[in-house]
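What follows is one structure encoded as structure tokens, with my remarks underneath.
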Amino acid sequence: MFGWRVRVILRAVILSLLISVVSSAETIRVSAAISLRGVLETIAKNYEKETGARIELRFGSSGQIMTQIKGGAPVDVFISAADRQVNELVEAGLVDAQSVRVVAGNELVLIVPADAKNPPRDFTELITDKVTRLAMGEPRTVPAGMYAEQTLRYFKLEDTLQKRIVYGTNVRQVLDYVIRGEVSAGLVYATDAREAGDKVKVIAIAPAGAHEPIHYPAALIKGSSQGVASGRFLDYLAGSSSQEVLKRFGFSAPTEKPAATQPDKQPETRPSERESRLPNVSHQSGAGVLCDASGLVTRVESLYS
């Protein structure tokens, strides 16, 4: 008598379970350097629309994410802002070395608040009384801080500026310090300055020879249950449509090589034609993200909302 009802209920339960399994199988967990937040959210949204897969994004400093992965955090794809963190995970046996590929490049710039009255004119003036506090990322965990430290060392400014440096837990925090006028100047990526728009001024671009090349290696985490799906997403990141989005946000192509600095010439430190990469763009306040205790930023809303 109730047999048909039981069959209907069982079919509904089985269908619900299948949908749940499929949904779970299509979720790719991506942890990436926070400087990629805006562009990666756009790329992930495009990928979701084109494939039906779901991309779960988490952002933070590359060093923080590396530590999380070592601690067993559920991650399928890691996109760092430097080689160091990816290499360390490869050595630890946590990253598939064959999967590593560079997906974008960037530049390091010296910025000041938009309303700065007497800003430094170049890197060499950082040691003058024009700068009382200089913001940069923590070099041990923030790649932008590592590049900044290398640049200060290149100009022989590191020791003189040591007591004036304010360290940020990630490059976006450094940017916020400058925007709010809490420091005289800061060292961030060109794409961060671009996103801040008219809230900051770019004073100088670090010469290519002042620091290691800035690029973003992406890699698959070993043992991921989404290895195949994650590999497809990496292919998509390296593809032409994603590269166009990265270019639109001011990132350079992964194959671009920085010009070598001539040793017998003073490197140029003033903005040049490369400033074309730094047009005014409205700065986003970061709505829809949440910082957890580790300093990572998690996107908590749906990409479609």
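The values are calculated or read from the model by the stated rules, or taken from the named source; none is laboratory data. If you're wondering where the values come from, they're calculated on a predicted model, not measured in any experiment. All Cβ positions, glycine included, derive from the backbone under ideal geometry; neighbour counts span all protein chains shown.
Quick notes on this one:
- Among the residues making up the stretch 54-86, those that are of a type in the set (Gly, Ala, Ser) and closer than 20 Å to residue 106 by Cα are 60, 61, 62, 63, 80, 81, 82.
- Residues in the stretch 80-128 that are β-branched (Val, Ile, Thr) and either outside any loop (DSSP other than H, G, I, E, B) or crowded, with 22+ Cβ neighbours inside 10 Å (or both): 86, 90, 95, 102, 103, 109, 111, 112, 124, 127.
Each row is one residue, and each column tells you yes or no for (1) assigned to a helix (DSSP H, G or I); (2) within 21 Å of residue 61 (Cα to Cα); (3) at pLDDT below 95; (4) of a type in the set (Lys, Arg).
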site: 149; (1), (2), (3), (4): yes, yes, no, no
site: 153; (1), (2), (3), (4): yes, no, no, yes
site: 175; (1), (2), (3), (4): yes, yes, no, no
site: 188; (1), (2), (3), (4): no, yes, no, no
site: 209; (1), (2), (3), (4): yes, no, yes, no
site: 216; (1), (2), (3), (4): no, yes, no, no
site: 237; (1), (2), (3), (4): yes, yes, no, no
site: 245; (1), (2), (3), (4): yes, no, no, no
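- The stretch 149-174, subset touching a residue at least 60 places away in the same chain (Cβ under 8 Å) and out of contact with any Phe, Trp or Tyr (no Cβ under 9 Å at 6 or more places or on another chain), residue surrounded by the most Cβ atoms within 10 Å (Cβ to Cβ): 169
- Residues of the stretch 76-89 satisfying the condition of being in contact (Cβ under 8 Å) with a residue 12 or more places away in the chain, within 24 Å of residue 147 (Cβ to Cβ) and of a type outside the set (Gly, Ala, Ser): 77, 78, 79, 83, 84, 85, 86, 88, 89
- Index of the failed condition, residue 129 passing every other in (1) in contact with a Gly (Cβ under 6 Å, 6 or more places away or on another chain); (2) without any contact (Cβ under 8 Å) to a residue 12 or more places away in the chain: (1)
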